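Have a look at the structure below before the remarks.
The values are calculated or read from the model by the stated rules, or taken from the named source; none is laboratory data. Model, not experiment: these values are computed from the prediction. So basically every Cβ, Gly included, is an ideal-geometry build from the backbone, and we count neighbours across all protein chains shown. We work out accessible area using only protein heavy atoms, side chains counted, and drop any ligands, DNA or RNA first. Shrake-Rupley method; radii C 1.70, N 1.55, O 1.52, S 1.80 Å.
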Amino acid sequence: MSEEFYRIKRLPPYVIAEVNGMRAAARAAGKDIIDLGMGNPDLPPPSHVIDKLCEVAQKPDAHGYSASSGIPGIRKAQANYYGRRFGVDLDPETEVVMTMGSKEGLASLATAITAPGDVVLAPNPSYPIHTFGFIIAGATIRSVPTTPDEAYFAALDRAMAFTVPRPSILIVNYPSNPTAETVDLAFYERLVAWAKENKVWVLSDLAYSELYFDGNPTPSILQVPGAKDVAVEFTSMSKTFSMAGWRVGFAVGNQRLIAALKRVKSYLDYGAFTPIQAAACAALNGPQDIVEKNRELYQKRRDVLVESFGRAGWDIPSPKASMFAWAPLPPALKEMGSLEFSKQLLTHAEVAVAPGVGYGEEGEGYVRIAMVENEQRLRQAARNVKRYLASMGVNSSAA
């Protein structure tokens with residue numbers, strides 16, 4: 001009875017949890033920790049969305065079981081969003097399913113379509129569900145890079161040529177969590193052609209669809225003609241509308257994959273609380289100015305982060321999208337490794353970041369910084385970091 005359960009044995013210790021535990025202990029000790037570790041939005045949802053939640057929650061008949069695939073109104077609202085934003089036509093009945101966040105959707109689809117021993121191509125570094133959702137379902141992971149260049153497609157071709165059994169699923173995530181990399185429509189066109197040629201399903205995680213910067217909207221893979229033959233795409237309301245705790249996401253696209261996801265979900269859950277679904281409809285169908293305001297706010301935070309940390313002696317590449325910066329360790333401290341550096345930063349600068357190694361071995365040498373504090377707190381974090389770097393002999397620039 002002492003032996004570890006089979007699926008639990010396949011899961012490594014959650015590296016990020018180690019830093020999270022230190023952060024909680026430091027806060028309990030009264031320290032003012034500036035938390036840039038978890039991508040947990042600090043902004044409230046739009047007021048009309050909260051009003052709709054309260055309104056529907058007052059109705060006596062709103063508290064029973066709901067449809068696991070989402071009420072018809074929410075599926076239509078998501079289809080309309082894809083039409084407005086991407087020019088993509090979706091059938092709300094057969095090509096849209098509501099999920100409890102994109103994370104649950106990916107895990108449930110993994111359960112639905114993965115057989116033990118299947119090989120799944122997933123980016124490294126990647127958000128943990130992109131690999132462990134499939135590992136839990138019994139799959140084997142083969143890593144591919146995140147950077148969408150020629151080396152990426154060479155890695156895909158190598159995987160198809162030398163992996164037994166041949167990979168059957170590819171995960172893509174742009175804007176990427178954690179690396180914040182983006183792609184253009186030409187990338188997706190090439191990817192869809194590759195997937196059709198190699199008979200591979202493509203699962204696209206577009207959770208950061210609306211957090212793009214510098215006036216460059218992120219594309220959807222479904223904009224590619226024929227993409228629905230091989231692809232489904234996951235989106236989330238967590239970041240777009242600051243509704244992370246509401247757990248509202250969607251899968252859209254290929255009818256066969258959507259049907260499989262619906263089938264598994266019908267056994268696993270009864271769907272989100274009906275007032276939450278009604279409020280999510282209000283968000284998707286209502287005024288979209290909040291989305292633009294959030295985007296502008298995150299872009300300002302990005303600029304403050306890059307500028308102030310740069311002056312503190314830590315050069316951070318400016319992300320093109322998402323709510324994260326993917327920051328290489330300061331060269332003088334690179335040998336420390338991302339986990340130890342994150343611990344040092346928490347202890348000596350009172351700034352929490354996520355160690356890159358927590359997203360896969362290719363994340364070593366980086367940390368992920370979430371832009372979930374206001375500009376004043378970001379500048380305070382930079383001052384703390386500057387003091388820590390100076391104590392380690394790293395010089396900052398003037399000013």
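Here are some notes:
- Those residues of the range 87-104 which are among the acidic types (Asp, Glu), over 17 Å from Ala259 (Cβ atoms) and open to solvent by less than 60 Å² (accessible area, probe 1.4 Å), in sequence order: Glu104
- Neighbours by Cβ (under 7 Å, 6+ apart or cross-chain): first from the range 83-99, farther than 17 Å from Ser266 by Cβ and in a strand (DSSP E or B); second of a type in the set (Asp, Glu) and open to solvent by less than 30 Å² (accessible area, probe 1.4 Å): none
- Candidate set from the range 173-204 (those that are of a type in the set (Gly, Ala, Ser) and either under 24 Å from Arg256 (Cα atoms) or touching an Asp or Glu at 6+ places or on another chain (Cβ under 6 Å) (or both)); member that is most open to solvent (accessible area, probe 1.4 Å): Ala193
- Some residue of the range 11-23 being basic (Lys, Arg) and exposed (fewer than 14 other Cβ atoms within 10 Å of the Cβ): no
- Qualifying residue in the range 389-398 (condition: assigned to a helix (DSSP H, G or I), within 26 Å of the chain's Cα centre (by Cα), in contact (Cβ under 8 Å) with a residue 60 or more places away in the chain and more than 19 Å from Pro128 (Cα to Cα)): no
- Spans of helices (runs of 4 or more DSSP H) in the range 230-333 with at least 2 residues among the hydrophobic types (A, V, I, L, M, F, W, C) and touching a strand residue (DSSP E or B) at 6+ places or on another chain (Cβ under 8 Å): 255-268, 289-311
- Index of the failed condition, Ala332 passing every other in (1) within 23 Å of Arg379 (Cα to Cα); (2) open to solvent by less than 40 Å² (accessible area, probe 1.4 Å); (3) more than 21 Å from the chain's Cα centre (by Cα); (4) of a type in the set (Gly, Ala, Ser): (2)
- Matching entry among Ala67, Ala77 (being at pLDDT below 95 and small (Gly, Ala, Ser)): Ala67
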